[in-house]
Amino acid sequence: MIHADNLHKRFGSVEVLKGVSLSMQKGEVIAMIGPSGSGKSTFLRCLNHLELINRGQIAIEGEVMARTDEQGHCHYMPDADVRRICRKMGMVFQQFNLFPHLTVLQNIIEAPMTVKGIKRDEIIPKAEELLHKVGLAAKRDSYPARLSGGQKQRVAIARALAMEPDIMLFDEPTSALDPELTGEVLRTMRQLAEEHMTMLVVTHEMAFAREVASRVIFMDHGLILEERPAEELFADPQHPRTREFLRNML
Amino acid sequence: MDYLLSTLGPLLQGTAVTLQVFLVTIVLSVPLGLCLALLRISRYRIVGRLVNAYIWLMRGTPLMLQMLFIYFALPFVPVIGVRLPDFPAAIVAFALNYAAYFAEIFRAGIQSIDRGQYEGAKVLGFTYGQTMRRIVLPQVIKRILPPVSNETITLVKDTSLIYVLAMNDLLRAARGMVQRDFTTTPFIVAAAFYLLMTLVLTWGFQRLEKRYAVYDE
């Protein structure tokens, strides 16, 4: 589903990704963990074109989005192709990024209508079904400002799902939430995983990573230091940095 | 009382001229200002710089001077020189000038929208144009209503500048009568007319603000 090969990313003189590669199969749930500033979020954002890579190759479902030639120059496909490829991925942000001027329902139907040209009458039943699934059917006509953080994030998940992505990217989805609200968001994500959605989750929730992820990736200083099945990595971390990180987290 | 009533006819005629200049200027300068704002923030630096220079020129010289230039000097400018009658000349000056002010208001509004909104739209597949139309600009409107209201009210009063082209707007009609009849009554009536026009605008903008108050950010 996702093939990222040797991604390099610099912000000015700071090298945030120093050659990160990832291969992801359909139905996999991968958790990316690591200290702040290790490059996990940047990696995720490179996958769906929110950041541009300086070197490396990205292919989504076999379609190349960016590649690097022999001279080391990185080339992206034309904008329209990149947009089409990126539509296979949905994304959930730490800060939700709901549209404050639209109601919950409008937030969900806006993209299918504007981007895919689906008729309002056709998309509304599906949007309501999604709202029901994330447990927010009653909030259909509320504006985002009236929702709690956990509710906002569940709307954001429903909004992403309305575009019927094959892959869901989560960028620290619970980091901006009060501890008692993270549970409801994690439950929704767990439910998605049980439905075999392909998910790549950057998270600080170790319990979630251990229980839901099939594979866990530990990143530090722009490199993947360890990448193993969840139970193995948590039970017996190999790299000293992983051990240190997990000791501090748990 | 009879005198007061006799002033109404000419003053109403003047008001009609004032309102025409006002309305045509709004209709032209708001879209033009929006275009300028979008060009100003465009990724092509040179375009942004040109717009910046334009705004500097328009805000940095008196509107009256611009109007006089377009009416008297433009006909002698090579290539683009045209001779415009008084009403079009006034409109061109007002529209170009107010577009510069509106452009700055729109730009500030657009730039006040959080980057997360663009990213949220982008990952859903919106193009830049769709993001602007459906996500950013609707939120910008709410934020810029107060300064736009200010600017619009200022425009009502600025229209009195067209007297320099010898056009009979509300203020010039009043002044004509004051000088003819040696009484200041027409000034007071004219003031009442201006107040009435700005009152209507104030109400209108208050209603708009209420309508946009249904959501918080």
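Once fully extended, how much extra length lies between A:ASP178 and A:PHE11, figured as 0.36 nm per residue of separation less the alpha-carbon to alpha-carbon distance?
In short, 57.0 nm is gained.
On a 0 to 90 degree scale, rounded to 10, what angle separates helix B:170-181 from the longest Cα axis of chain B?
20 degrees
Could you check the simple spin-label distance between A:ALA138 and A:GLU122, using points 7 Å along Cα→Cβ, in nm with one decimal?
Label-label distance for A:ALA138 and A:GLU122, simple model: 3.3 nm.
Ignore the peptide's own chain and count Cβ atoms of other chains within 10 Å of each Cβ in A:159-166; give me the average, rounded.
2
Using DSSP loop states and a limit of at most 12 other Cβ atoms within 10 Å to flag GluC sites (Glu not before Pro), what is the longest stretch of chain A containing no flagged site?
Working: sites that count: A:GLU70, A:GLU195.
With GluC sites (Glu not before Pro) excluded where exposed in loops, chain A gives A:71-194 as its longest stretch.
Which entries in A:LYS88/A:LYS152; A:LYS40/B:LYS142; A:LYS126/B:LYS210; A:LYS116/A:LYS139; A:LYS9/A:LYS88 show an alpha-carbon gap greater than 29 Å?
From the list (A:LYS88/A:LYS152; A:LYS40/B:LYS142; A:LYS126/B:LYS210; A:LYS116/A:LYS139; A:LYS9/A:LYS88), the Cα-Cα distance tops 29 Å for A:LYS40/B:LYS142; A:LYS126/B:LYS210.
Can you tell me the FRET efficiency between A:HIS221 and B:LEU50 if r is taken as the Cβ-Cβ distance and R0 is 45 Å, rounded to the nearest 0.05?
0.55
Picking from B:PRO138, B:TYR163, A:PHE245, whose Cα lies most toward the positive end of the charge dipole for the protein assembly as shown (charges on Cβ: Lys, Arg +1; Asp, Glu -1)?
The listed residue farthest towards the positive side: B:TYR163.
Please name whichever of A:ASN107, A:ALA162, B:THR152 sits farthest to the positive end of the charge dipole of the protein assembly as shown, dipole taken about the Cα centre and charges placed at Cβ: Lys and Arg +1, Asp and Glu -1.
B:THR152
Leaving out ligands, DNA and RNA, and with a 1.4 Å probe, what % of the accessible surface on chain B is carbon or sulfur?
Summing carbon and sulfur atoms, their accessible area is 67 percent of the total for chain B.
In bins 10 Å wide, starting from 0, what share of all Cα pairs of the protein assembly as shown does each bin hold, as a percent?
Binned Cα distances yield the sequence 4, 16, 21, 19, 14, 11, 8, 5, 2, 0, 0.
For chain A, take the longest principal axis of its alpha carbons; what is the angle in degrees between that and the long axis of helix A:104-116, to the nearest 10 within 0 to 90?
With rounding to tens, the tilt is 70 degrees.
Beta carbons within 10 angstrom, averaged per residue: use that to sort the peptides B:93-104, B:188-199, highest first.
Packing order, densest peptide first, comes out as B:93-104, B:188-199.
Once you average over the residues of A:97-108, how many Cβ atoms of partner chains fall within 10 Å of each Cβ?
Taking all residues of A:97-108 together, the mean is 5.
Total Å² of accessible surface buried at the B-A contact, 1.4 Å probe, nearest 100?
Numbers: alone 12880 and 11810 Å², together 22580 Å².
Summing both chains' loss of accessible area gives about 2100 Å².
Could you tell me the relative contact order of chain A? Use alpha-carbon pairs under 8 Å, at least six residues apart, and round to a whole percent.
Working: 465 pairs, mean separation 64.5, N = 250.
With pairs under 8 Å counted, the relative contact order is 26 percent.
In peptide B:135-144, how many Cβ atoms from other protein chains are near each Cβ within 10 Å, on average?
2
Is there a quick way to get the dipole size of segment B:2-216? I mean about its Cα centre, with the Cβ of Lys and Arg at +1 and of Asp and Glu at -1; what is the value in debye to the nearest 20? Intermediate results must be reported in sequence, preceding the final value.
On the way: 20 positive and 11 negative charges, 169 e Å.
Value, rounded to 20: 820 debye.
I'd like the Kirkwood hydrodynamic radius of segment B:2-216, using the inverse of the mean 1/r over distinct C-alpha pairs, in Å.
Values: mean 1/r = 0.0515 Å⁻¹.
Roughly 19.4 Å, rounded to one decimal.
At 1.4 Å probe radius, can you tell me the per residue accessible area of chain B in Å²?
On the way: 11820 Å² over 217 residues.
Accessible area per residue, chain B: 54 Å².
Just to confirm a number: summing +1 for Lys and Arg and -1 for Asp and Glu over residues other than B:ARG40 whose beta-carbon lies under 12 angstrom from that of B:ARG40, what do you get?
The answer is +3.
The values are calculated or read from the model by the stated rules, or taken from the named source; none is laboratory data. These figures come from a predicted structure and were not determined experimentally. Glycine gets a Cβ as well: all are built from the backbone with ideal geometry, and neighbour counts include every protein chain shown. The accessibility values were calculated without ligands, DNA or RNA, using every heavy atom of the protein model including side chains. Shrake-Rupley method; radii C 1.70, N 1.55, O 1.52, S 1.80 Å.
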